[in-house]
1. Criterion first (among the aliphatic types (A, V, I, L, M) and within 13 Å of the chain's Cα centre (by Cα)) does V63 satisfy it?
2. Looking at the stretch 42-62, I want the residues that are surrounded by 18 or more Cβ atoms within 10 Å (Cβ to Cβ) and have a partner that is assigned to a helix (DSSP H, G or I) with Cβ atoms under 6 Å, at least 6 apart or on another chain. Which pairs are those?
3. Could you list all residues from the stretch 113-142 that are surrounded by 20 or more Cβ atoms within 10 Å (Cβ to Cβ) and either closer than 16 Å to L88 by Cβ or of a type in the set (D, E) (or both)?
4. So which strands (runs of 3 or more DSSP E) are wholly in the stretch 82-201 and hold at least 2 residues that are free of Cβ contacts under 8 Å to residues at least 60 places away in the same chain and over 22 Å from D42 (Cα atoms)?
5. Just give me the residues in the stretch 49-62 being part of a strand (DSSP E or B) and among the charged types (D, E, K, R), in sequence order.
6. For the list (1) within 29 Å of A62 (Cβ to Cβ); (2) crowded, with 20+ Cβ neighbours inside 10 Å, I need the number of the one condition that G160 fails.
7. Scan the stretch 20-75 residue by residue and report those that are in contact with a Leu (Cβ under 8 Å, 6 or more places away or on another chain), among the charged types (D, E, K, R) and under 29 Å from V170 (Cβ atoms).
8. Do you know which of the residues in the stretch 19-32 that are surrounded by 14 or more Cβ atoms within 10 Å (Cβ to Cβ) and free of Cβ contacts under 8 Å to residues at least 60 places away in the same chain is nearest to V181 (Cα to Cα)?
Amino acid sequence: MAYYLGRDVKVYLTAEVANNVRINTSGQINDSSGTDFAKGRDQGLSGALVTDLTGVDLGIGAVDEDISFIGLRTVLKTEIKKETTLSLTRKKINNVWDVIFNGDPVVKGRWGISGSVTAGNATNSYTGMEKPTVNYGYRIHIQLMSSGEVFTVRNATITGHSTSISADGVQEETLEFQSHVDPKIGTTSSVDTGATGATEI
């Protein structure tokens, strides 16, 4: 588990599809108008920067399974899949993260979108019950300010959202992501935005 202050990293949030994920003024999820939550993957990282970050908590691990053999005392640990968790904390500036986590009355945003989404239309909106595909979830790029190294979490879905309220401080909110796809590590010149190839699910 690694914790970074918001000033130590830059975080870029993109969708796993070419379409943007936005919240319009009526609080509806769509891909054409409103405030950006995630930029489409084919648009690069321009405009995908998460602003007002105060903290980034990154956990890298694996899901293991115990294997035991009859007559032997030693238990083996076999890696089943990777497990990457990411928590982004920022100053609360609007209701975008609330709507993405809770969904609007029709469209859900926790699992990303599979294509063009219009306000009030659930077509191409995931519900969390589908078989995951290469378009599932979001892609988050974490750039270390000191080295320029970029850690990319692929096919991440949103697992939690919380808001902290303080009488004498700044109101903050936290969005939690989880992914079981192998992360990628590169440099700013070799960031994998997902535009050129499929992701293993």
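All of the numbers you see were taken from the coordinates with simple rules; none came from a lab. These numbers were taken from a predicted model, which means no experiment stands behind them. Quick reminder, even Gly has a Cβ in these numbers, built from the backbone with ideal geometry, and neighbours come from all protein chains shown.
1. no
2. L53/G6
3. G137, Y138, R139, I140, H141, I142
4. 150-164
5. D57
6. (2)
7. K39, D57
8. Here is the first cut: in the stretch 19-32, the residues surrounded by 14 or more Cβ atoms within 10 Å (Cβ to Cβ) are 19-24, 27-31.
Restricting the remaining residues to those that are free of Cβ contacts under 8 Å to residues at least 60 places away in the same chain gives 20, 22.
Working: N20: 22, R22: 25 Å.
Out of the qualifying residues, it is N20.
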